[in-house]
Amino acid sequence: MPADLVITAQTVITMNPAQPRAEAVAVDTVAGTISAIGSLADMRASAPGATVQDLGDTVLMPGFVEAHSHPLALGDRNPGARTLDRAVRRLRDLARRRGAVH
């Protein structure tokens, strides 16, 4: 499925040494994948009709970064998440309920 969301920010860090910075990211929210990274013009051209969300003067770094809790301790506090698969499912469900994942 083509990207349905284009995200732009002051700084987009790609984690790709060949292209360390970009203007925008095209996302397929149904598949939960990044479709393309590049200029805003290129992302609009590759995803016509996609919603464009400008995060303004922020930094966007694709990936899961959770700096405040200890995900491995999730099982200790939550008996329903004693395996990695269950913990990942619980985190995804929580993110969906909070609107962070579509």
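Filtering A3, A24, A81 for residues that are of a type outside the set (D, E), in contact with a helix residue (DSSP H, G or I) (Cβ under 9 Å, 6 or more places away or on another chain) and at pLDDT below 90 leaves a single hit, A81. Looking at region 2-30, which of its residues are β-branched (V, I, T) and either assigned to a loop (DSSP other than H, G, I, E, B) or under 18 Å from R44 (Cα atoms) (or both)? Hits for region 2-30 are V6, I7, T8, T11, V12, T14, V25, V27, T29, V30. Scanning region 1-20 for residues that are out of contact with any strand residue (DSSP E or B) (no Cβ under 6 Å at 6 or more places or on another chain) and either over 13 Å from T58 (Cα atoms) or among the hydroxyl-bearing types (S, T, Y) (or both) turns up P2, D4, M15, N16, P17, A18, Q19, P20.
The values are calculated or read from the model by the stated rules, or taken from the named source; none is laboratory data. Quantities reported herein were computed from a predicted structural model and do not represent experimental measurements. As a convention, Cβ positions derive from the backbone with ideal geometry for all residues, glycine included, and neighbour counts pool all protein chains shown.
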